[in-house]
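Derivation of every value follows stated rules applied to the coordinates shown; laboratory data play no part. Computed from a predicted model, the values in this text were never measured in an experiment. So basically every Cβ, Gly included, is an ideal-geometry build from the backbone, and we count neighbours across all protein chains shown.
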């Protein structure tokens, strides 16, 4: 009888250990998920802060932030050009009045009825340009392919 009692106790202990282990794994996964959610929230807020700053405060900034803002403006110009190229590939253009995409040949917008502007041909698709990079330590613009920042010496 003692043998069965010992066996029964060992099975119960093993089962409880497995249940505790499973609960620990579940709790760990939940905490990791919560941490990840908070980190995503922080990254999103950083993005919103940056966007707000760019939209409202670029006139008051000095280097290196001014250079970063100028890079954003240049990127926005390139994006608009690339979007025009995509529209032309699809045979579409944007109504200047309401922003609806309409066929290139359409003389009027099907959404608002405004007269559609003629579309100038988009430039040829450019080669993929390397984005400008900035030092995370001092914000200085980095040379292409640089392993270290020329301003503060931090490893890139």
Can you check how the C-alpha radius of gyration of the chain compares to 2.2 N^0.38 Å, as a plain ratio?
1.95
Euclidean distance between Cα centres, segment 1-75 to segment 89-113, Å
44
Using a Förster radius of 41 Å, what is the FRET efficiency between residue 3 and residue 33 based on their Cβ-Cβ separation? Nearest 0.05, please.
0.35
Sequence gap at least 6, Cα distance under 8 Å: using those rules, report the relative contact order of the chain to the nearest whole percent.
11
222 nm mean residue ellipticity, helices alone, for the chain (DSSP H n ≥ 4; -39,500 (n - 2.57); rounded to 500)
-19500 deg cm²/dmol
What distance in nm lies between label points placed 7 Å from Cα along the C-beta direction at residue 65 and residue 108?
5.0
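Taking the Cβ-Cβ separation of residue 137 and residue 53 as r and a Förster radius of 25 Å, what is the calculated FRET efficiency to the nearest 0.05?
Working: r = 19 Å, r/R0 = 0.77.
So the FRET efficiency works out to roughly 0.85.
To the nearest 0.05, what FRET efficiency results for residue 19 and residue 45 with a Förster distance of 41 Å applied to their C-beta separation?
Numbers: r = 39 Å, r/R0 = 0.95.
After rounding, the FRET efficiency stands at 0.60.
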